[in-house]
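First the structure, in the form of structure tokens, and then the observations on it.
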Number of protein chains: 2
Amino acid sequence: MTISLYTASIPVFTQMLNSVSAILNKAAAHAAEKNIEPNALLQARLFPDMFPLIRQVQIAADFARGVSARLAGVEVPKFDDNEQTFEELQTLISKTLAFIESFTAAQIDGQEAREIITRPGTPKEKKFNGQAYLLSYGIPQFFFHVTCTYAILRHNGVELGKRDYMGVY
Amino acid sequence: MTISLYTASIPVFTQMLNSVSAILNKAAAHAAEKNIEPNALLQARLFPDMFPLIRQVQIAADFARGVSARLAGVEVPKFDDNEQTFEELQTLISKTLAFIESFTAAQIDGQEAREIITRPGTPKEKKFNGQAYLLSYGIPQFFFHVTCTYAILRHNGVELGKRDYMGVY
């Protein structure tokens, strides 16, 4: 018995995107309750040259879509990344979930050896097979931005716990 | 072709623990260069009820050891978690790497269906099979603490970039 590439990707992204959605709902409720301008959270950063909350969510969603699409060998969908509110971030997550959940296991399983090239044609071009692309690149990148989303909100006083981060598993 | 349980666990932990080691070396060098008391970083938190840097590193290492051991069905080694300096954290990471790299693929592969119970005998007891334990629990937990380590240091002005987080892949 071994793990299928689908199992190691889509359900992991789904679990964590649902947790990001729930975390953002708690953040929006916190802002409303405490009379906090939503942008104080949405534009919050852990350091001036780090990305703000909105961008962290956009990048997490982008990795979920991009990694799934590249594993399946389909075109990576273009998203505008122009969200400005908690509500728009929820729509982004819903659309991202709908996209990644549209893949069948058959589309992703068996793609472990597929050649995937990131930043093609640039000095940072890097070739992976599907398995290495997911495990050594996609998963670490995705979790980075999910955790930063949580960390920015915790740092700004939103009452969240590890349970919120972990989601339903 | 499918992913082996070993491939989805040990090399992932190894990549990221090596990156944590390099990040901590940069943090220690930054403290020395700027005349910063090392504890200002080691005890830094993103919020008062979050864990400080030292504890984040200890927990990341603990998940790497615990998840690997449970997948292989061997006893989880007890560590004292009494580190107080950057040097001691490096020793902790070295010992953790030595422990997880001692597993052969044969010890972990094929354990996808092994029953793993977290917090046995408590109200939070949860049963997993090996595959779900790794993908829906171990990996998210591990990356949380690795990313928090990075985020605490970035928040405190240590010059790090995503490349440092990603490590060698």
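Loop only per DSSP, at most 14 neighbouring Cβ atoms within 10 Å: give me the trypsin sites (Lys or Arg not before Pro) in the range A:103-137, ordered by residue number.
Filter output for the range A:103-137: A:124.
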Residues of A:81-91, mean number of Cβ from any other protein chain within 10 Å of their own Cβ, rounded to a whole number?
0
With labels modelled as points extended 7 Å from the Cα through the Cβ direction, what inter-label distance (nm, one decimal) is found for residue B:129 paired with residue A:74?
2.6 nm
Grab the DSSP H runs of the protein assembly as shown that are 4 residues or longer, score each as -39,500 (n - 2.57), total them, divide by all residues and round the 222 nm result to the nearest 500 deg cm²/dmol.
-17000 deg cm²/dmol
Using the Karplus curve 6.51 cos²θ - 1.76 cosθ + 1.60 with θ = phi - 60°, work out ³J(HN,Hα) for each residue of the range A:107-120 in order, rounded to whole Hz, and write x for Gly and Pro.
6, 10, 4, x, 9, 4, 9, 4, 7, 10, 10, 9, 6, x
Averaged over the residues of B:128-140, the number of partner chain Cβ atoms within 10 Å of each residue's own Cβ comes to 4
Which of A:2, B:139, A:82, positive extreme of dipole for the protein assembly as shown (C-beta unit charges):
A:2
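Give me the dipole magnitude in Debye, nearest 20, for the protein assembly as shown about the Cα centre, with unit charges on the beta carbon: positive for Lys and Arg, negative for Asp and Glu.
Dipole size: approximately 100 debye.
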Size-normalised alpha-carbon gyration radius of the range B:89-169, reference 2.2 N^0.38 Å
1.39
For peptide A:143-149, compute the average count of partner chain beta-carbon atoms within 10 Å of each residue's beta-carbon.
5
Accessible surface buried upon B-A contact (total; probe 1.4 Å; Å², nearest 100):
3900 Å²
Work out which residues of the range B:1-39 lose at minimum 20 square angstrom of accessible surface when the other protein chains are put back, relative to the chain isolated, with a 1.4 angstrom probe, and list them by number.
B:1, B:2, B:3, B:7, B:8, B:12, B:15
Would you mind checking the tilt of helix B:10-33 against the longest principal axis of the Cα atoms of chain B, expressed as 0 to 90 degrees and rounded to 10?
10 degrees
Among the Cα-Cα pairs of the range A:7-81, the proportion with separation greater than 14 Å, in percent, is 69 percent
Stick to Cα atoms and the Kirkwood definition of Rh, then tell me Rg/Rh for chain A.
0.99
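Relative contact order (percent) for the range A:12-169, with alpha-carbon contacts under 8 angstrom and 6 or more residues of separation?
36 percent
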For the protein assembly as shown, what does the accessible surface come to per residue with a 1.4 Å probe? Please give it in Å².
44 Å²
Taking the range A:57-105 on its own, what percent of its Cα-Cα pair distances exceed 12 Å?
60 percent
Once the Cα atoms of helix A:86-101 and of chain A are each reduced to a long axis, what angle between those two axes, in degrees from 0 to 90 to the nearest 10, is obtained?
20 degrees
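Using the Kirkwood formula over every pair of different C-alpha atoms, what hydrodynamic radius in Å results for the protein assembly as shown?
Hydrodynamic radius (Kirkwood, Cα only) of the protein assembly as shown equals 20.5 Å.
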Roughly what would the spin-label model give for residue A:25 and residue B:162, points 7 Å off Cα along C-beta, in nm?
2.9 nm
Using the crude model of +1 on Lys and Arg Cβ and -1 on Asp and Glu Cβ, and no other charge, please compute the dipole size for the range B:1-159 relative to its Cα centre, in debye to 20.
380 debye
In terms of the charge dipole of the range B:55-169, which places +1 on Lys and Arg and -1 on Asp and Glu at the beta carbon, the residue among B:167, B:96, B:71 farthest towards the positive end is B:71
Label-point separation, residue A:91 to residue B:91 (7 Å along Cα→Cβ), nm
5.6 nm
What angle do you read, to the nearest 10 degrees and between 0 and 90, between the alpha-carbon axis of helix A:139-155 and the longest principal axis of chain A?
0 degrees
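Accessible area of chain A with a 1.4 Å probe: how many percent of it is carbon plus sulfur?
Carbon with sulfur: 49 percent of the solvent-accessible area.
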Over the range B:43-133, what lengths in whole Å, largest first, do the semi-axes of the equivalent ellipsoid take, defined as the square roots of 5 times the eigenvalues of the alpha-carbon gyration tensor?
26, 18, 10
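The values are calculated or read from the model by the stated rules, or taken from the named source; none is laboratory data. Source: prediction; values computed, not measured. FYI the Cβ positions are ideal-geometry reconstructions off the backbone, even for glycines, and counts take in every protein chain you see. Areas reflect the complete protein model, heavy atoms only, side chains present, ligands, DNA and RNA absent. Shrake-Rupley method; radii C 1.70, N 1.55, O 1.52, S 1.80 Å.
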